[in-house]
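Here, each number is a calculation from the coordinates, and none is a lab measurement. The structure displayed is predicted, hence computed values, not measured ones. All Cβ positions, even for glycine, are placed from backbone atoms using ideal geometry, and neighbour counts span all protein chains on display.
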Amino acid sequence: MLYTPSVRAAMTHFTGGGDTLAVEAAAAVRTAATTVERLRSRGSDSRGLSSGALDLLIRLSVAGTTGLSVGELAAAAGVSPRNATGLLDTLERDGLAERVPHESDRRSVRARITAAGEEWVTAFRRPSEVAMNALFRGFTADELGLLRHLCLKLADNAERVA
């Protein structure tokens, strides 16, 4: 439907004349992911946050007052602890998150969202919902559930390949 004959011909050439369905599916997933990320980034960038910092801020919002260690934050977001530290530095500099001493382990530090961070997430929530509803307009609940399932299955397969 969205592929032109010239794109399909290029994919056929790339596969040496073999089945192009998996290559086409990969290209479609990449196109969709780029589209979603571009839309999401436009919303967070206009508010001064990268999509990576946004991910951490949302995770901190869910964690509430107990917060998360940098290691827990990195694991939850699927980034390296070094990357999480840099993103946390940005959130802290913007007053959206803070590092606090661990209650029982003086050597450990936890990150938690600030009141300003909670306000930021609240202000970002509604425009995000509007954008995602527009993006997925025309999808049924069953289609959205299937899409979610297939994307997670793809990610799970990728974990096994890596």
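By count of other Cβ within 10 Å, fewest leading, how are 36, 62 ordered?
Least crowded to most crowded, the residues run 62, 36.
Need one number for the stretch 93-162: average projected area of the convex hull over its C-alpha atoms, nm².
Directional mean of the projected Cα hull area for the stretch 93-162 stands at 8.6 nm².
Using label points projected 7 Å from each Cα along Cα→Cβ, tell me how many nm separate residue 106 and residue 23, to one decimal.
With each label point 7 Å from Cα toward Cβ, the separation is 6.3 nm.
Rounding to the nearest 10 and keeping the result within 0 to 90°, find how far the Cα-based axis of helix 141-161 lies from the longest principal axis of the chain.
That helix lies at roughly 80 degrees to the long axis.
Grab the DSSP H runs of the chain that are 4 residues or longer, score each as -39,500 (n - 2.57), total them, divide by all residues and round the 222 nm result to the nearest 500 deg cm²/dmol.
-22500 deg cm²/dmol
7 Å from Cα along Cα→Cβ at both residue 83 and residue 39: what's the point-to-point distance in nm?
Those two pseudo-labels are separated by 2.3 nm.
So how do 115-124, 86-95 stack up, highest first, on mean other-Cβ count within 10 Å?
Ranking, from highest mean packing down: 86-95, 115-124.
Output the 0 to 90 degree angle, nearest 10, between the alpha-carbon long axis of helix 81-93 and the longest principal axis computed from the alpha carbons of the chain.
Relative to the chain, helix 81-93 is tipped by roughly 60 degrees.
Please list 144-156, 70-82, 48-60 highest first by mean number of surrounding beta-carbon atoms within 10 Å per residue.
The peptides rank, most packed first, as 48-60, 70-82, 144-156.
If each residue of separation counts as 0.36 nm, what is the full-extension length gain between residue 162 and residue 134 once their alpha-carbon separation is subtracted?
Net length gain for the segment: 6.7 nm.
How high is the relative contact order of the chain, in percent, counting Cα pairs under 8 Å that sit 6 or more residues apart?
17 percent
When the Kirkwood hydrodynamic radius is evaluated over all pairs of different C-alpha atoms of the chain, what value in angstrom, to one decimal, is obtained?
18.5 Å
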